[in-house]
Amino acid sequence: MDKFLHDHPSKPRTKDEKEKVINRLKRIEGQVRGIQKMVEEDRYCVEILVQISAIQSALKNVGFAVTERHINHCVSDAIKQGEGKETIEELMSVLKQFSK
């Protein structure tokens, strides 16, 4: 997808919403650094793979949280304004990337 329908959410994120997502991403960032260290220390492959799986799960959960907010605000507002079809198509296109 080259262009999105909008360049910002229909309702700005609250400070609390931003903090929750940012804190989750910072934890994930720390986990990635931990894996880098594990590789540098020549740790057992299975230990590294378990940590990679944990990061993938954490990223998926962040994605689900952002998706839920998008549906509750952006998609809902677009439907009310008569732009539901386009917005749902856009969301479905992005969600297909999650299953790759």
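The values are calculated or read from the model by the stated rules, or taken from the named source; none is laboratory data. This structure is a prediction, so every number in the text was calculated from the model and none was measured. Reconstructed Cβ throughout: ideal geometry from the backbone, glycine too, with neighbour counts over all protein chains shown. Side chains included, ligands, DNA and RNA excluded: accessible areas come from the protein's heavy atoms. Shrake-Rupley method; radii C 1.70, N 1.55, O 1.52, S 1.80 Å.
Every listed requirement among (1) more than 26 Å from Ser99 (Cβ to Cβ); (2) surrounded by 11 or more Cβ atoms within 10 Å (Cβ to Cβ) is met by Ile88 save one, (1). Of all residues in the stretch 53-100, those satisfying the criterion of being touching a residue at least 40 places away in the same chain (Cβ under 8 Å) and either part of a loop (DSSP other than H, G, I, E, B) or farther than 14 Å from Ser10 by Cα (or both) are Val62, Ala65, Glu83, Glu86, Glu90, Ser93, Val94.
Yes/no matrix, rows are residues, columns are (1) at pLDDT below 95; (2) in contact with a Gly (Cβ under 6 Å, 6 or more places away or on another chain); (3) of a type outside the set (Gly, Ala, Ser); (4) at positive phi:
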| site | (1), (2), (3), (4) |
| --- | --- |
| Ser10 | yes, no, no, no |
| Val32 | no, no, yes, no |
| Ile52 | no, no, yes, no |
| Phe64 | yes, no, yes, no |
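Considering the stretch 43-72, and only residues there that are over 22 Å from the mean Cα position of the chain (by Cα) and of a type in the set (D, E, K, R), the residue that is surrounded by the fewest Cβ atoms within 10 Å (Cβ to Cβ) turns out to be Glu47.
Out of everything in the stretch 73-83 that is under 22 Å from the mean Cα position of the chain (by Cα) and not β-branched (Val, Ile, Thr), what residue ends up being least open to solvent (accessible area, probe 1.4 Å)?
Going through the qualifying residues, I end up with Ala78.
With respect to (1) open to solvent by 70 Å² or more (accessible area, probe 1.4 Å); (2) under 24 Å from Gln97 (Cα atoms); (3) outside any helix (DSSP H, G or I), the lone exception for Pro9 is condition (1).
Taken over the stretch 13-42, the residue count meeting the criterion of being in a loop (DSSP other than H, G, I, E, B) and open to solvent by less than 100 Å² (accessible area, probe 1.4 Å) is 2.
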